[in-house]
1. Only one residue in LEU245, LEU211, LEU230, LEU223 is among the aliphatic types (A, V, I, L, M), within 17 Å of the chain's Cα centre (by Cα), surrounded by 15 or more Cβ atoms within 10 Å (Cβ to Cβ) and at pLDDT 80 or above, so which one is that?
2. Would you check if LEU99 is at negative phi, touching a helix residue (DSSP H, G or I) at 6+ places or on another chain (Cβ under 9 Å) and free of Cβ contacts under 8 Å to residues at least 12 places away in the same chain?
3. I'd like to check something: does the range 173-190 contain any residue that is at pLDDT below 90 and within 18 Å of TYR246 (Cβ to Cβ)?
4. If you scan the range 133-152, which residues turn out to be of a type in the set (A, V, I, L, M) and either more than 27 Å from LEU269 (Cβ to Cβ) or surrounded by fewer than 19 Cβ atoms within 10 Å (Cβ to Cβ) (or both)?
5. What is the residue count in the range 153-164 for residues that are buried (at least 16 other Cβ atoms within 10 Å of the Cβ) and without any contact (Cβ under 8 Å) to a residue 24 or more places away in the chain?
6. Within the range 147-156, is even one residue under 20 Å from the mean Cα position of the chain (by Cα) and modelled with pLDDT under 95?
7. Take the residues in the range 63-87 that are at pLDDT 70 or above and outside any helix (DSSP H, G or I), then tell me which one is surrounded by the most Cβ atoms within 10 Å (Cβ to Cβ).
8. Return yes or no: is ILE134 in a helix (DSSP H, G or I) and under 14 Å from PHE202 (Cβ atoms)?
Amino acid sequence: MAIDAAFALALIVGPVAGGALVEYGGFLLTFGVMTAVSMSLVLFVLLKVTETRVLRNTSDASKPIIALLMYSVSQTSVTLKTILKHITAASLLLIMTILSFQLSGFQVLYLFSPATRFGWTAFDSGLFAVIIAIQTIIWLVILIPRITEYATRALHIPKLTTEIRILQTGLFSVSLGMILYGFSTTSAQFRASSVVAVMGCFANPTLRSLLSVLVPSHLQGSLFSAIQILESISMIASGITLNFLYRYTTVEWNAPQACFYIVGGLFGLAFLISLAGVSKQGVDAMAVNPGNMMDEEDDIGRGRSEFDSATEAPLLS
């Protein structure tokens, strides 16, 4: 949850810093600053983030790029196969894909629609983003850790059960919040609806936490790589679909709020999936046992063998 809180903090600092840069130096200055920051991060990673994994074959570092890519793809493929073996894991992955659908549609939901309905300016949209970010930080950094601690220590509810209930609460809240956004007739009502909708912020980190039990620690990278691929596909589909729906509902139906009802329905579907497919017993069954570990290690080993054999022959012969 700390990662999501960091993103929320960036949404607070970003609009203010970006606005100041544009005001005093123009748009080109913002690109210059971002280039400098990006290069600094690259240098930091190169100098400070070192490889700690011991390679079985010390010549791996000199393997051709194509072979490295194929090996990475094989690891991701094995991870996806592992996920799809469990109904609960597949349900969690489907829910995460639905959640990522909203991210790409941010500008439609929170920029275009309020501008059309309430006459919002860029400043109003930036202020709304700050309001959401502040609430997100409060939930992720202060409230959720305390709620989890109280449930496990005072009420003696298993931590896993608490996480599942938090996930389901977040999905229900964001679904209800989207519907409230759609019903809002004033800017004040729209901003107030964020109090309910923002509770969905803790669904995504909870999903990742539940999925992380599926593979051992040294395969977490492959797991989240597979998740990122599915999220990216969902975001591409969202960008195309929501923009089309917004244009159609605004021009043909004169109902710019309709997108909120559609997205709210998707989150409602995610909530129902969590009720039907996510349970403590299902998550416990996902936990890696020695048999699954051996199967997966065999698959990874076969992928590494293919990787090694692929690099023995030159790319051009």
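The values are calculated or read from the model by the stated rules, or taken from the named source; none is laboratory data. Keep in mind that what you see is a predicted model, and the values were worked out from it rather than measured. For neighbour counting, all protein chains shown are included, and Cβ atoms are generated from backbone atoms with ideal geometry for every residue, glycine included.
1. LEU211
2. Answer is no for this residue.
3. No, the range 173-190 contains no residue that is at pLDDT below 90 and within 18 Å of TYR246 (Cβ to Cβ).
4. Scanning the range 133-152 gives ILE134, ILE137, ILE138, VAL141, ILE142, LEU143, ILE147, ALA151.
5. Final tally of qualifying residues: 1.
6. Looking through the range 147-156, none of the residues is under 20 Å from the mean Cα position of the chain (by Cα) and modelled with pLDDT under 95.
7. If we take residues in the range 63-87 being at pLDDT 70 or above and outside any helix (DSSP H, G or I), then HIS86 is surrounded by the most Cβ atoms within 10 Å (Cβ to Cβ).
8. It is false that ILE134 is in a helix (DSSP H, G or I) and under 14 Å from PHE202 (Cβ atoms).
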